[in-house]
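Computed from the coordinates by the stated procedures, all read-outs in this text should not be read as laboratory data. This structure is a prediction, so every number in the text was calculated from the model and none was measured. When we count neighbours, we look across all protein chains shown, and the Cβ atoms used for this are built from the backbone with ideal geometry, even at glycine.
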Amino acid sequence: MQEVRPEPPDRGRRGGFTTTRWSLVVAAGSQDTPQAREALATLCEGYWQPIYAFLRRQGADHERARDLTQGFFSVLIEKNYVGDARRQRGRFRTFLLAALRHYVANEWARDHALKRGGGQNPISLEALQAERAELEPASQEDTPEKAFDRRWARTLLDASMERLRDEMGRASGLKRFESLLPHLTGDSETAYRDVAAAIGISEPAVKVAVHRLRRRFRAVLREEVAQTVGDASDVDEELSHLLAVLSG
């Protein structure tokens with residue numbers, strides 16, 4: 001797979017770093033603001049798979065891991081446990097993992113099923129269908145933390161790819177996007193001339209289109225990573241960590 005390199009920060013928009021979901025949550029601290037709660041709920045809905053992967057690698061069966069995932073996110077949002085976010089260097093990934101360890105320490109030994117009463121659940125049950133989590137085979141050296149990070153990286157990549165598919169599909173059509181997609185990683189065995197014939201453009205135009213597709217994917221991935229950090233200085237390091245997890 002061709003390496004996806006981080007792009008330099010965009011310095012042209014109000015100092016180069018706009019308000020993101022996690023930076024909004026961190027700024028709110030322990031204050032119970034509707035905007036922060038909505039931002040945290042949106043983040044949680046997107047990142048339930050790393051939690052589920054962590055719990056399964058710790059030994060929980062499917063049903064127990066699903067219940068713990070649901071219970072963890074419900075408590076995280078309903079109790080607004082974000083006051084310590086700044087101590088996690090402003091990164092949603094590290095904050096979420098620390099909060100999960102604390103939650104598991106309190107819940108793991110309980111034998112009864114989690115109770116979910118008391119108010120409206122801010123996360124849809126459809127978003128927590130754990131059957132969607134296709135966990136990679138774990139090696140003997142694998143740890144719950146590694147499973148968490150690997151699923152975290154895959155979640156960000158998947159979200160970026162869905163955004164790219166929607167964006168490019170609306171702009172150029174899905175057929176063109178699907179034809180160019182295998183060349184995004186540089187692993188395709190299909191020659192540019194065959195792609196050109198399939199979508200009705202010249203071979204040089206295919207090369208240009210692939211270059212633009214790769215560049216746009218890097219930008220979208222960077223934007224997705226930026227949504228999970230609280231400071232612009234963390235974006236490059238977090239993106240590098242993500243890519244290292246995927247290549248490891």
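Sorting S247, S172 on the 10 Å Cβ count, fewest up front, what's the list? Intermediate values should be presented prior to the final figure.
Values: S247 9, S172 14.
Lowest to highest Cβ neighbour count: S247, S172.
Could you please rank T190, T94, T69, T155, placing first whichever residue has the fewest other Cβ atoms within 10 Å of its Cβ?
By the 10 Å Cβ count, ascending, the order reads T190, T94, T155, T69.
To make sure I understand, if each residue's beta carbon is the centre and we count other beta carbons within 10 Å, what order do R216, R66 fall in, fewest to most?
Working: R216 17, R66 21.
Ranked by crowding around the Cβ, least crowded first: R216, R66.
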